[in-house]
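The values are calculated or read from the model by the stated rules, or taken from the named source; none is laboratory data. Predicted, not measured: the structure shown is a model, and the values here were computed from it. Here the Cβ positions follow ideal geometry from the backbone for every residue, glycine too, while neighbour counts run over all protein chains shown. Just so you know, the surface numbers come from the protein's heavy atoms only, side chains and all, with ligands and any DNA or RNA stripped out. Shrake-Rupley method; radii C 1.70, N 1.55, O 1.52, S 1.80 Å.
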Amino acid sequence: MAARLLLLRRVLRRVAPRAPGWATGAPAPVRAASAGGIPTDEEQATGLERKILEAMKRGEDPYSIFKPKSYAGTKEDPQIVPSVGDKRIVGCICEEDNSAIIWFWVHKGESQRCPQCGAYYKLVHHEVPP
Ligand SMILES: [Zn+2]
C-alpha cells in the first residue's frame, strides 16, 4: 500500500509539476476568486447562508443547526426548549427504545414535566437574527 502511494506521488510529480499542493506537500494554492481561482463557500454565499456562515465563525448557532446540548431533565437541570413565542410543542421519547412519542405543550414560565416519564422541560426565549 505504501509503495503504491509513493509510486502515485512520483507519477503525480511528473504529470502535474505545477500543482504544488498535490504531490510535494507544499501549501495549497490560493483559491480566491480575486486571484483567478475557484471561490470559496464564504466568498460565494449570500443571504441566509452567508448569515449562518458568519454566525458559525463567531461560534453562534442562531438557527439551531447543531445538535442540541444534552440536559439531565431534572428540576434543577431541565431540558431547554428554545422558542420565539410563548409556547412550543415538545415530543418526548421517554425511554431510549420507545416507539411512541409523547407530545405536549411547554409554556413560558415554570418548568413543566412530561406526563409519561416526568422529565422537566423549560421554555427559553430564542431570538432569530433579522
Ligand atoms: Zn417523557
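Protein chains only, probe 1.4 Å: how do R58, R88 rank by accessible area, largest first?
Of R58, R88, the descending order of accessible area is R58, R88.
Probe radius 1.4 Å, ligands and nucleic acids left out: which of V124, V90 has the largest accessible area, and how do the rest follow?
Output order, biggest surface exposure first: V124, V90.
7 Å from Cα along Cα→Cβ at both D77 and A55: what's the point-to-point distance in nm?
Rounded to a tenth, the inter-label distance reads 2.6 nm.
Which order do F104, F66 take when ranked by solvent-accessible area (1.4 Å probe, heavy atoms of all protein chains), largest first?
Values: F104 25, F66 100 Å².
Putting F104, F66 in descending order of accessible area: F66, F104.
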